[in-house]
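To keep things clear, I will list the structure first and then write my remarks on it.
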Amino acid sequence: MPWLERVDSTISRQLQLACLCSAVALSGCVAAPKWVAPRRVTSEMVNQALDEPSVRDADLTPVEVPEIPVRTNLRPCCAFGTELRASLGPIPIPFFSMENIIGVDEVGPHKYDSSAFSTEGSTQKNAFADENNGIMYTCRGGFIDTAHVRDYADWTLFWAATIARSIETGTTVELPDEGGHRRVHIKPLSRELIDRYGLRRLAVKMAQWMAFKLSIWHEMATWYGWSSIEAYPEYVSAFSPEDLFSNLLGIKIAGGLLSNAGSAETDSLYDESMDQWLPVAFKHLQPVSVKAGKAATHLVDGVWWNSKARLPDRHLVLRRDFDIGEVTTPWLISDAYSSPEMQSWVNRECGGIQQPIVLLRPQSLEGIKFSDLMTLEIDVDVPDPFPYPRVGSNRITQADFPAIMHSIREQSYKIFGPESDRPQRSAQ
């Protein structure tokens, strides 16, 4: 199994998926990245990373960039909701309730390519430390899954280093299977193009674009029955309301971190830098307390999720965010409906109004399309019937994603109803 080790019992598999995972082995530590990560992260730097305004780039050369090991682990994400219950087939699991809402101060230290638990670390601070991932609610970013944030920040680091090292020669990168065999083709770039835009800027922007493409495929594969844990369906987690925004948030944070010039002194620089960036970025989104986060989750019970359903029932999550366009807007609970109870919560926790931070996902750099520079290629292998775009071939690229998303959206309407792709509830 490419992502998580097989566990002995079916129940253990289910508890893994529900973020109650047993310890699993990790791959080797990240090599020393020669990127800058300032010792102190400021709110202004987070503003720049989140497109307000653009960050000034400084350059580097390919020889400065180390080889970063490809990611082989998948952090267990948390199913949307709170106080979740589970079942084994038709049989409810007694005395099981999962509390997956966390507060910003509970977020643990980062470890590149971590899995369920960190059994080793690149610094003494991180050794044997749990990242303590979960879901928090923020007034400006909605629900944030910290496992997704970390996963796609790590992917951005990997791709930035890989692109920078091979930008003049091009390369093909074989990735661990996930819903099929994946590979990425990187074309060689001309010296004129590198000199015009700078190696660092090109590598980071291309890395962010590819990391988000991989995040879309993960959601697609899960929608069509792929599971990181054998024989345990993960339909409930596909395109959950917090997924795409959390993915892009991690990509933006990593982009901000990597875009600052400097040098790395130890192989723990990236982990240490993420430890500084994450709390500042999360606080920029105005997180609420655990108690308030649970209350926010309950306010959208019956609209975004169904507290009466049990894991792994796909009807536990009733609304799905399928927006893979160039702008990613978070789902805020006040978008779901208006009521005195909802307004009271917003007044108390968010100062009376929720102002979303909208994240941009550029498709090009000053007219140069990233799709002309990189290609994600997948030989699809998922359990469920798949809308293959070409007869007789199971191979797709990112160019096929819009058509596949159309099929997924149509299927969602049939399963969850015509409102399943938006946060709003019809007026009653």
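Does the stretch 137-279 classify as rounded, prolate or oblate by the C-alpha gyration tensor (a ≥ b ≥ c root eigenvalues; a/c under 1.5 gives rounded; else a/b over b/c gives prolate, otherwise oblate)? It is oblate, given that a/c is not under 1.5 and a/b is not larger than b/c.
Which entries of Lys111/Lys308; Lys283/Lys308; Lys252/Lys294 show an alpha-carbon separation above 29 angstrom in the structure shown? Flagged as over cut-off: Lys111/Lys308; Lys283/Lys308. Converting phi to 3J(HN,Hα) with the Karplus coefficients 6.51, -1.76 and 1.60 and the offset θ = phi - 60°, the stretch 142-147 yields x, 6, 10, 8, 5, 5 Hz in sequence order, with x at every glycine or proline.
By a straight-distance test (C-alpha under 22 Å), which lysines pair with Lys187 as possible cross-link partners, with residues fewer than eight away in the same chain excluded? Counting by Cα, and skipping residues close in sequence, Lys187 has these lysines nearby: Lys205, Lys213, Lys369. For the stretch 335-383, the gyration tensor built on C-alpha atoms gives an oblate shape. Its axis ratio a/c (a ≥ b ≥ c) is at least 1.5, and a/b is not larger than b/c. In the frame of its principal axes, the stretch 322-412 has Cα extents of 56, 38, 16 Å, reported largest first. Amide H contacts for Gly180 (H built 1.01 Å from N in the peptide plane; partners 5 or more residues away or on another chain; cut-off under 5 Å): Asp381. Calculated from the alpha-carbon coordinates, the stretch 210-351 shows an Rg and a Dmax of 17.9, 54 Å respectively. Per residue, the stretch 217-362 exposes an accessible area of 33 Å² to a 1.4 Å probe, with every protein chain left in place. Per-residue 3J(HN,Hα) values for the stretch 272-286, derived from phi via the Karplus relation 6.51 cos²θ - 1.76 cosθ + 1.60 with θ = phi - 60°, read 5, 5, 4, 4, 8, 5, 4, x, 5, 5, 5, 5, 4, 7, 6 Hz in sequence order (x marks Gly and Pro). Couplings 3J(HN,Hα) for the stretch 199-215, derived from phi with the Karplus relation 6.51 cos²θ - 1.76 cosθ + 1.60 (θ = phi - 60°), are 4, 4, 4, 4, 4, 5, 5, 5, 5, 4, 4, 5, 4, 5, 4, 5, 5 Hz, where x marks Gly and Pro. Simple spin-label estimate for Asp372 and His185 gives 1.6 nm between the two label positions (7 Å along the Cα-to-Cβ direction from each Cα).
Would you work out which of His406, Trp331, Gln343 lies farthest towards the positive end of the dipole of the stretch 271-418? Charges go on Cβ: Lys and Arg +1, Asp and Glu -1. It is Gln343, whose Cα lies furthest towards the positive end.
The values are calculated or read from the model by the stated rules, or taken from the named source; none is laboratory data. Predicted model, so just to flag it, every value in this text is computed and none were measured. Using ideal geometry, Cβ is built from the backbone for each residue, glycine included, and neighbour counts are taken over all protein chains shown. These accessible areas exclude ligands, DNA and RNA; they are computed on the full protein's heavy atoms, side chains included. Shrake-Rupley method; radii C 1.70, N 1.55, O 1.52, S 1.80 Å.
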